[in-house]
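Comments concern the structure below.
Bear in mind that the values in this text are calculations on the coordinates, not laboratory data. Only a predicted model underlies this, so the values are computations on that prediction, with no experimental measurement involved. So basically every Cβ, Gly included, is an ideal-geometry build from the backbone, and we count neighbours across all protein chains shown.
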Amino acid sequence: MPLKIIDHGTPEYQQMIRLRDEILRKPLGLYFDPEELNREKDDVLIGAFEEDKLIGCCLLTRFDSTTCRLRQMAVSSNLQQKGVGATLMNFAENVARERGYETLVMHARKSVVGFYERFGYIISGDEFYEVTIPHYVMKKRLR
């Protein structure tokens, strides 16, 4: 499964928006705001592909000079629990390290905390609500 960094505004990025919308937004009755998508032009956009079809994705957003935030992790429904997410996580962590980041943080949905804990992420703080569902801040030192 090839993984690569996607350019904002490309057809691959449009696939990324559709996948994130289908997996993360529509089930909650939410939709993307064009301004929100425009802010992603400075993010590292990561995609996993099966031939030319995007099957998983995530974003890395700079938080400060030593920390970046993992966001919008999504895997096609029919491929969840088949290693796509794990492959994306390893790739994203390596990209973050290569770019000089020491810490990766995220707002993890409560329902997937266990997935991230398997990669060494720890909960940092109390449960909170974001996009109508419970989340936790999770962190991992990369160095």
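Some observations on this one:
- Scaling against 2.2 N^0.38 Å puts the C-alpha radius of gyration of the range 14-75 at 1.15.
- Inter-label distance, ASN94 to ILE122: 2.7 nm, where each label sits 7 Å from its Cα along the C-beta direction.
- Cα-Cα P(r), the range 58-119, percent of pairs per 5 Å interval: 4, 17, 29, 26, 15, 7, 2, 0
- The range 76-143, dipole about Cα centre (Lys/Arg Cβ +1, Asp/Glu Cβ -1), debye to the nearest 20: 220
- Euclidean distance of C-alpha centroids, the range 1-40 and the range 71-87, integer Å: 14
- The range 94-127: trypsin sites (Lys or Arg not before Pro) falling in loop per DSSP and having at most 13 other Cβ within 10 Å: ARG99, ARG118
- With contributions of -39500 (n - 2.57) from each DSSP H run of at least four residues, the per-residue ellipticity at 222 nm computed over the chain stands at -7000 deg cm²/dmol.
- About its Cα centre, the chain has a charge dipole of approximately 420 debye under the convention of +1 per Lys or Arg Cβ and -1 per Asp or Glu Cβ, with nothing else charged.
- Each other residue within a Cβ distance under 13 Å of LEU142 adds +1 if Lys or Arg and -1 if Asp or Glu, for a net charge of +4.
- Convex hull projection area averaged over all views, the chain, Cα basis, nm²: 8.2
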